[in-house]
Amino acid sequence: MRFLDRSQMRLFPRKGEVLILESLVSSIDASGRVNLAPMGPIVHGDLTEPSGMGVTFTLRPFVSSRTFSNLKQSKCAVIHVTDDAMLIARAAVGQIDDVDVAGLVRQIEGTDWWPLIDCHRWFAVEIESIEHDEVRSEMHCRVVRSKMVRPFFGFNRAKHAVLETAILATRTHLISADAIHDEIKRLTPLIDKTAGSAEHDAFKMLRRIIDERLADQ
């Protein structure tokens with residue numbers, strides 16, 4: 001396993017085309033506590049291949065995150081493809097506690113992999129190498145198991161609007177309030193025109209949290 005200093009690394013920026021999957025990643029700590037976090041792994045290979053064995057991923061958690069600590073210790077993660085906009089939103093803003101997570105995942109017996117019970121597809125991966133500086137990491141993963149759980153809902157503009165709003169909610173310390181409000185104004189019609197009840201509720205929750213975080217600055 002490699003641990004490189006900044007002068008040796010090429011974590012950012014990347015050149016050329018990079019395919020990023022907006023996913024939820026489950027990991028486990030030394031005490032057996034499962035963490036669920038949104039993450040955009042880089043996809044290498046054909047994600048549509050049925051077995052999943054032809055795909056590898058690069059996870060990029062922040063060094064300060066629970067996910068980084070868990071993966072450094074266990075070397076195991078589960079990467080999920082999901083269309084549950086509310087779950088992504090709750091995970092992004094820390095609205096899922098340990099009790100919630102316990103009801104959402106199920107252990108693969110004899111392993112440290114805890115896939116979501118309800119998702120489109122999951123990939124159980126092993127961490128093969130880690131590179132990091134003081135802020136960000138890259139973890140190169142190989143797929144060990146994969147399973148299709150249920151059909152994917154399909155494209156929906158409101159679900160994507162919730163995803164973009166969840167990302168905004170995690171960046172209130174990086175983006176100006178005016179820029180955030182402009183983006184929410186752009187996304188609101190997508191919710192109004194194409195959302196179901198779950199997407200409406202998720203968008204409302206995220207707007208409340210964004211307002212609270214901006215007010216605290």
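The values are calculated or read from the model by the stated rules, or taken from the named source; none is laboratory data. Remember, it's a predicted structure, so these values are computed and weren't measured experimentally. Reconstructed Cβ throughout: ideal geometry from the backbone, glycine too, with neighbour counts over all protein chains shown.
Summary table
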read-out: Filtered residue count, region 85-136, keeping only those that are loosely packed, with under 14 Cβ neighbours inside 10 Å, farther than 20 Å from R60 by Cβ and of a type in the set (A, V, I, L, M); value: 3
read-out: Qualifying positions in region 152-161 - out of contact with any Leu (no Cβ under 6 Å at 6 or more places or on another chain) and at pLDDT 95 or above; value: N156, K159, H160
read-out: Hits in region 41-74 (condition: assigned to a loop (DSSP other than H, G, I, E, B) and either within 24 Å of D98 (Cβ to Cβ) or aliphatic (A, V, I, L, M) (or both)); value: P41, L47, M53, V55, P61, V63, S64, S65
read-out: Pair list, Cβ < 8 Å and 6+ apart or interchain, from region 57-84 residues that are crowded, with 18+ Cβ neighbours inside 10 Å to residues that are among the polar types (S, T, N, Q) and part of a loop (DSSP other than H, G, I, E, B); value: C76/T111
read-out: Residue in region 27-50 that is surrounded by the fewest Cβ atoms within 10 Å (Cβ to Cβ), counting only those that are small (G, A, S) and closer than 12 Å to S74 by Cα; value: S31
read-out: H160 surrounded by 16 or more Cβ atoms within 10 Å (Cβ to Cβ) and in contact with a Phe, Trp or Tyr (Cβ under 9 Å, 6 or more places away or on another chain); value: no
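So that you can scan it fast, the table gives a plain yes or no per residue for (1) among the small types (G, A, S); (2) over 13 Å from N35 (Cα atoms); (3) modelled with pLDDT of 95 or more; (4) more than 13 Å from the chain's Cα centre (by Cα):
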{"residue": "T82", "(1), (2), (3), (4)": "no, yes, yes, no"}
{"residue": "A102", "(1), (2), (3), (4)": "yes, no, no, yes"}
{"residue": "I108", "(1), (2), (3), (4)": "no, yes, yes, yes"}
{"residue": "W114", "(1), (2), (3), (4)": "no, no, yes, yes"}
{"residue": "A124", "(1), (2), (3), (4)": "yes, yes, yes, yes"}
{"residue": "S129", "(1), (2), (3), (4)": "yes, yes, yes, yes"}
{"residue": "R136", "(1), (2), (3), (4)": "no, yes, no, yes"}
{"residue": "V144", "(1), (2), (3), (4)": "no, yes, yes, yes"}
{"residue": "K147", "(1), (2), (3), (4)": "no, yes, yes, yes"}
